[in-house]
Amino acid sequence: MEYPQIPTNENDRLAELNRYNILDTLPEQEYDDITNLASKVCGTPIALISFVDRDRQWFKSRVGLDETETPREISFCGHVVFDNEILNVPDATKDLRFADHPSVTESPNIRFYLGIPLKSPDNYTLGTLCVVDYQPRELTPEHISQLESLSRLVISQLELRRNEQTSRLLNSVVESSHDPIITKTLDGIVTSLNPAAVRVFGYSTDDIVGKSILLMIPPDRQEEETMIIARLRQGERIEHFETIRLCKDGSTRDVSLTISPLMDEKGKVIGISKILRDITEHKRWEEQKQRLTERLTLALESGAIGCWEWDISQNIIDCDDRMYEMYGISKETDSHQLFEILVNAIHHEDRSDTLTLLEQASLGLAEYDCEFRVIHPDRSIHFIKAYGKLVRDDQCNPKCMIGINFDISDRKEAEAKLSQLVTQKEALFFITQSILQVLDIPHILNITVNKIREILDLDRVAIYRFQPDWGGEFIVESVDDAWVKLIENGVHKTWDDTYLQETRGGRFRKHECMVVPDIYQADFSPCYLEILERMQVKAYMITPIFINETLWGLLGLYKNVQPYAWQSWQIELLEQTEKQVAIGIHQANLYEQVQSELAIRKQTEIQLLKVNDELLSATKLKDEFLANMSHELRTPLNSILGLSEGLHEQLLGTLNEKQLNAIGTVASSGEHLLSLINDILDLSKITSGMMKLDISPVSVKNLCNSSLAFIKQQAFNKRIQVSCNIPPHINKINVEERRMKQVLINLLTNAVKFTPNEGQIRLLVADGSGGTWQGEAIIPQRIRDINSPMIVFQVVDTGIGIAAKDLPRLFQPFVQVDSALNRQYEGTGLGLALVKQIVELHGGQIMAESEVGKGSRFTVALPYQRSESSAPESEPTVTTSPPLVVNPENAPLILLAEDNDVNIQTFTSYLTAINYRVIIAKNGEAAVSMAKANSADIILMDIQMPGMDGFEATKQIRLDPNLINTPIIAITALAMEGDRERCLAAGMNGYMSKPLKLKQLATQIDELLQIKP
């Protein structure tokens, strides 16, 4: 038997067969009709439509045979497929190819076979239309021709079947497409649209089919249609054509068109198919992305932020314009050398650490967050803050780093100035305190020269004293042992220079400070240079000391090793020190003078008046200085108020009513002292322009009611009648609530203070402008003349009144109108001065009108825009709570980091009294180690501690994974603007400034412990 061979194009043939999807399908009448007809035409018992698969022949239709398929290797049809022509076997027993074929020698004992190839349009033989008989036979040419016709009919039926399947598939695709699909004629008449088109544009089939496509095209876009049709007539296909289409409701949609010509069988364009992708949201997103990009660019530019990206493997860095500016290099720099140039620009002292951190960050071992200095080509030094993030590739390998740089030179300069200022203030405070403690001139002078030399790291500090004849000598010095002494064993060395005596003090009589950074560059005479060389001086500063406008002496600062560029803050410290020395000397002289004059009774009263005046003047100078130092008082006040609070709450033991009243007096006095300190600081802050207002809408009614509540008890004690009138239409005003309450409380407190028993006080509110006002307040003419919308707060009393001559001095700081009143009415004279400053800071003004014996009227006028809101205003509520007491069986452990022993006692006494456990760390290093060793539940962190401060200690604690969620509260005397934000940025969870309320501290501790993970 000869097995059928495999054609050379077998794979392509099988692919063509599979494209018809005919194998293993159910019987179909069309094919069965063909086999029946073939059997009858040829008179054979068997007729088959056979398709030859890879390993089998499968019968789509069969007559006279039960099998549905047979192996290909024993098939007659396999030979037809290979030969690609008709196979005619009249008698299989006589054909050597089939004589021993099992179907010939055994059942069904085939003798006759005629197979017509079934050829696809691409000339692939898919199978056969064959007839089979059990008897040998010969068919006529006419029979064979008829079979060929039937074979073509089989192929036609296959093509028809496939086309129907394709058509159904295409219709399904169109109907299920998410994108609108519309077809139309070349004349623009819509012929169809799919459901997506109905959904997107709102037109139903009845609305648009058979009508012009121009219904969907805006008038300014209709010319596009002419261009599109012209291109399609050339057989061109148009893709991604963006335009606008109209919806049925009149809205528009941005669309991207894919337009294809529809052709007939002859290739003639007969219509147009359009796929419309709705890109409206994409367009909006693109526009939003563009706006965001522009905003980001603007933010980077306005924030002076430089951006960079470093390709780790290529060692190439890409920078924006700001980075080039930050490093002072040109954009024309070769990109392959840029990384090396940027590295070399880093200050040599910072380079190693910076590169080490960068290398660790590039390996994912550290966060790139550092500060370093860069040196510009002009040798100027700039401070840079750098952040960077590692980007990994798909295999999680380091790919690149992206980051940003800030120029923080201004901040560093500010920090340096702040440090210098702190040093300056500490020195002045020390010197001032020393002067206050001892009225002894030698002691004052020795303290001064030693402290100044220590702080400024000088080689010599000396004081020169003039004699009545303008001669003089060095009377005190502080000098390092390595240098020649100007005063040794009580002997004052004399020098040959007579300039000061001959000129009666020379240039110093004009209050000039002499600053010499290099004696050899100062154009001095040879004689004077010789004297300076004998003193071993290389650079010096000298300032005159004046007592009552009389040149008393000179204060000199000396550098002996090499020339020295004196800094402005050092010069300022020298001048301020001179003033304090002058005050101390003056006070000592006054003291000595008073002591000598006490022996002469007759002149005592006259001299005492003079001394008192001079002492008052000196005290005023001291008070102005101490105002700057007032924040130092917060630490002892913290202890005073804290212990008072603990005693008043009876946490440290039970007190009787008399003791509670005494503790209340202590607390009240402490609060009063704190109030005075804050007033001084506020006045100083406003005067220096440092106070910034936190403006927000504030209820006028609540503002007035809360201010009146403050004086309610005082007025009740004096049986003073208090009333308030606010027009109902007045709602809110844009002010800082705390400051405006400070204004009203001050005015109301003064009214109570200076109003006799059973008097009257009224708080009146009005608004308006020019001659039109609403409210009971009497508007001064000066306010009416402003002629712009204002709101007026007026405090009217029936008090003792103020003389007309005293009104101009009323708002001056530290002034009370009558010294006699000081004995009856307490006060510092700061209140009204502070009120005036706060009102003016709000853009307003304050006026006082008064008549002795009848009372006073204080008017505060502020700019005002009437609010349209009619929402009801809520009354402020005050809640009180008993002291918090912790369950001793499960008492949390508190780590207290504090270096002040008094504060330690205060906090510890209170916290242990409410059952907390407390451990103490007196510096930052101890706080870090104890936090790690003891697993404290919460940490109270002071900021200013010896060694490591609270900021650094917090950062170190947060590096420990076991302590990252431990609550930390800052308790500090730092109470200036920005201090709270610095504490929170360092990793702390809360912030309280000293002196603080211990109950509030306990409440915050409890709240943080409640939310601790």
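The values are calculated or read from the model by the stated rules, or taken from the named source; none is laboratory data. Everything numeric in this text was worked out from a predicted model, so none of it was measured. Backbone-built Cβ (ideal geometry, glycine too); neighbour counts: all protein chains shown. What goes into the accessible areas is simple: the full protein's heavy atoms, side chains included, and nothing from ligands, DNA or RNA. Shrake-Rupley method; radii C 1.70, N 1.55, O 1.52, S 1.80 Å.
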**Report entry** Angle in degrees between helix 634-648 and the longest Cα principal axis of the chain, rounded to the nearest 10
**Finding:** 90 degrees
Query - Extension gain (nm, one decimal) between TRP285 and LEU65, 0.36 nm per residue minus Cα-Cα - result: 72.4 nm
Query raised in the report: Of all the accessible heavy-atom surface of the chain, with the other protein chains kept in place and a 1.4 Å probe, what percent is carbon and sulfur?
Result: 50 percent
Query raised in the report: Rounded to the nearest 0.05, what FRET efficiency is calculated for ARG277 and ASP321 with R0 set to 30 Å and r the Cβ-Cβ distance?
Result: 0.20
Report summary line: Subtracting the Cα-Cα distance of ASP122 and GLU426 from 0.36 nm times their residue separation yields 99.2 nm
Requested in this report: Using just the helices of the chain, give the 222 nm mean residue ellipticity in deg cm²/dmol: DSSP H runs with n ≥ 4 each add -39,500 (n - 2.57), and the total is spread over all residues, rounded to 500.
Outcome: -13000 deg cm²/dmol
Requested in this report: About the Cα centre of the chain, how large is the charge dipole given +1 on each Lys and Arg Cβ and -1 on each Asp and Glu Cβ? Please answer in debye to the nearest 20.
Outcome: 3900 debye
Query raised in the report: So if we plug the beta-carbon distance of GLN593 and LEU529 into 1/(1 + (r/R0)^6) with R0 = 35 Å, what FRET efficiency do we get, rounded to 0.05?
Result: 0.25
Report summary line: Candidate cut points under chymotrypsin sites (Phe, Trp or Tyr not before Pro) in the range 351-391, DSSP loop plus at most 13 other Cβ atoms within 10 Å of their own Cβ, are none
Query - Solvent-accessible area per residue, Å², over the range 9-169 with all protein chains present [probe radius 1.4 Å] - result: 48 Å²
Query raised in the report: Tell me, what is the per residue accessible area of the range 438-566 in Å², probe radius 1.4 Å?
Result: 52 Å²
Query - Listed pairs LYS412/LYS999; LYS718/LYS994; LYS412/LYS997; LYS385/LYS559; LYS412/LYS955; LYS40/LYS119 exceeding 30 Å between Cα atoms - result: LYS412/LYS999; LYS718/LYS994; LYS412/LYS997; LYS385/LYS559
Query raised in the report: If R0 is 51 Å, what FRET efficiency do you get for ILE155 and CYS247 from their C-beta distance, rounded to 0.05?
Result: 0.55
Requested in this report: Report which label in [x] 170, 80, 66; [y] 117, 69, 64; [z] 172, 79, 72 holds the value of Cα extents along the principal axes in Å derived from the coordinates of this structure.
Outcome: [z]
**Report entry** Helix 29-42 vs. the chain, principal-axis angle (Cα, 0 to 90°, nearest 10)
**Finding:** 20 degrees
Report summary line: Simple SL model, points at 7 angstrom along Cα→Cβ for LYS712 and GLU10; separation in nm is 10.6 nm
Report summary line: Between the Cα axis of helix 568-597 and the main Cα principal axis of the chain, the angle (0 to 90°, nearest 10) is 30 degrees
